[in-house]
Amino acid sequence: MEHKMSFSDLRVAFLTLGCKVNQYETDAMKENMEKAGAIITDFHDPADIYIINTCSVTNVADKKSRQMLHRAKRKNPDAVIAAAGCYVQSAAEELEKDELVDIIIGNNKKKEIVSIIARYLEEHKKTIDLIDINHTDEFEEMGVSHIEGHTRAYIKVQDGCNQFCTYCIIPYARGRIRSRNMDEVLKEVTKLVDQGVKEFVLTGIHLSSYGAGIDGLDLLTLIKNIAAIKGVMRIRLGSLEPGIITDEFVSEIVKIKELCPHFHLSLQSACDATLKRMNRKYTIAEYMDKCSLLRKYYEHPAITTDVIVGFPGETEEEFEITRKNLESLNLYEIHVFKYSRRKGTIADQMPNQIPEQKKAARSNILLEMTKRQKKAFEEKMLFTTEEVLLEEMVEADGTIYFTGHTKNYVKTGVKGTHLEANQLVKATFAAFSDRDFIVADACE
């Protein structure tokens, strides 16, 4: 490969590992490379440069990040391999020694992707761009001006975390909490509305802390300002900490018709003893009160959560407390994770690590529960009429459906003539299907 080639000759492939924040940052890097003249190609196709936006949330994520970097090199031994993101922050020394990786780009440096690549192509020597992420208050302003699909856009508004849960490396990989300038968020949303985007998902590493330390700015203020933009039809919130759910907050958001009644409230365990070892800042009773508050203001809110099973020291009794409390909470969906050790965290050094077999058994119990509870939630919607934002056409058993989501994020397959993607339609729920959606008939 000729390293002084112009950007217009370059085929660049991206791969994203991990969270929605990473996906947003990849989209922004991709857009910047396109503006510089590069040809964006699929990761599975031959490319001159492979950029892997890595994840470091678990040891498994670290391993996957390494594998993908090495796989890219095997695809094209002459290609330039760039590692970006969280794994870079947590394993910089390891990557510096890795001869297969040419460029190392830390968090808060992704916005400089074009100049970093240009420098490598000029100097043709290992390029490392890292800052001490734990000592910055700068929000990395990147921005996305177009998205593929034109239906739903993720908007990164916050970065970093100050929680220091005992199982989590993210505060060390992402740094302390910092918020995006609200004017920049509103500008980005306005641009995307002009392209026809109807739904916006606000995302961050610790979204609930948006605006912390800035006078007059908080998540509620941001939501209100986005809702005021003409053409914004839906606002959806990423993962929230239970603490943000107060009477004051919910009594205000319920007035915002654009805000979807779909709340992902982070839990991790439904047992106080386990929560304490995790360094979570609430009790299960407090969490239950938050769910009751949402149900007081909203008729049928979709409340979803994450739960870790097999956390170090989780006894059979503690798991049973979690199971009973989750049964009582009756959430729309529980994302169940088996505890995965992460080097550099307090939990990795804790005694009484749980065997994998036991984690799997506990996971299966909760997965069966959430499957049942999800169906019960959706059964209540049968024969009611809801608004669905259509996303794509699918064919199943000889019938054409347009799949999309209701405001409370129930996946729906709508039957009807003259339907098209990115259309908001009223539909009446008719039946369950063997597919991953409920069948509905479009209201004529």
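The values are calculated or read from the model by the stated rules, or taken from the named source; none is laboratory data. Since the structure is predicted, the reported quantities are computational estimates derived from the model, not experimental observations. Positions of Cβ are generated from backbone atoms using ideal geometry, with glycine treated the same way; all protein chains shown enter the neighbour counts. What goes into the accessible areas is simple: the full protein's heavy atoms, side chains included, and nothing from ligands, DNA or RNA. Shrake-Rupley method; radii C 1.70, N 1.55, O 1.52, S 1.80 Å.
Summary table below
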quantity: Candidate set: region 29-60, residues that are in a helix (DSSP H, G or I) and touching a helix residue (DSSP H, G or I) at 6+ places or on another chain (Cβ under 7 Å); chosen: the one most open to solvent (accessible area, probe 1.4 Å); calculated: Asn32
quantity: For Phe377: the one exception among (1) within 28 Å of the chain's Cα centre (by Cα); (2) open to solvent by 50 Å² or more (accessible area, probe 1.4 Å); (3) in contact (Cβ under 8 Å) with a residue 12 or more places away in the chain; calculated: (2)
quantity: Breaking point among (1) modelled with pLDDT under 95; (2) open to solvent by less than 30 Å² (accessible area, probe 1.4 Å), for Cys86; calculated: (1)
quantity: Which listed residue, of Thr384, Thr403, is β-branched (Val, Ile, Thr), open to solvent by less than 60 Å² (accessible area, probe 1.4 Å) and in contact (Cβ under 8 Å) with a residue 40 or more places away in the chain; calculated: Thr384
quantity: Residues located in region 132-154, provided they are buried (at least 17 other Cβ atoms within 10 Å of the Cβ) and on the phi > 0 side of the Ramachandran plot; calculated: Gly143
quantity: Which numbered condition Gly216 misses (of (1) in contact with a Ser or Thr (Cβ under 9 Å, 6 or more places away or on another chain); (2) assigned to a loop (DSSP other than H, G, I, E, B); (3) open to solvent by 10 Å² or more (accessible area, probe 1.4 Å)); calculated: (1)
quantity: Any hit, region 264-282, residues being at positive phi, of a type outside the set (Asp, Glu) and either surrounded by fewer than 16 Cβ atoms within 10 Å (Cβ to Cβ) or at pLDDT 95 or above (or both); calculated: yes
quantity: When residues of region 419-437 are limited to those that are part of a strand (DSSP E or B) and free of Cβ contacts under 8 Å to residues at least 60 places away in the same chain, the one farthest from Val388 (Cα to Cα); calculated: Ala431
quantity: Subset of region 318-341 that is open to solvent by 40 Å² or more (accessible area, probe 1.4 Å) and among the acidic types (Asp, Glu) - its residue that is farthest from Lys358 (Cα to Cα); calculated: Glu333
quantity: Scope region 48-97; condition on the phi < 0 side of the Ramachandran plot and of a type in the set (Gly, Ala, Ser); matching residues; calculated: Ser56, Ala61, Ser65, Ala72, Ala79, Ala82, Ala83, Ala84, Ser90, Ala91, Ala92
quantity: Region 324-348, residues that are farther than 9 Å from Pro312 by Cα and touching a Pro at 6+ places or on another chain (Cβ under 9 Å); calculated: Tyr332, Arg341
quantity: Enumeration of residues in region 104-139 that are farther than 20 Å from Gln163 by Cα, touching a residue at least 40 places away in the same chain (Cβ under 8 Å) and assigned to a loop (DSSP other than H, G, I, E, B); calculated: His124, Leu130
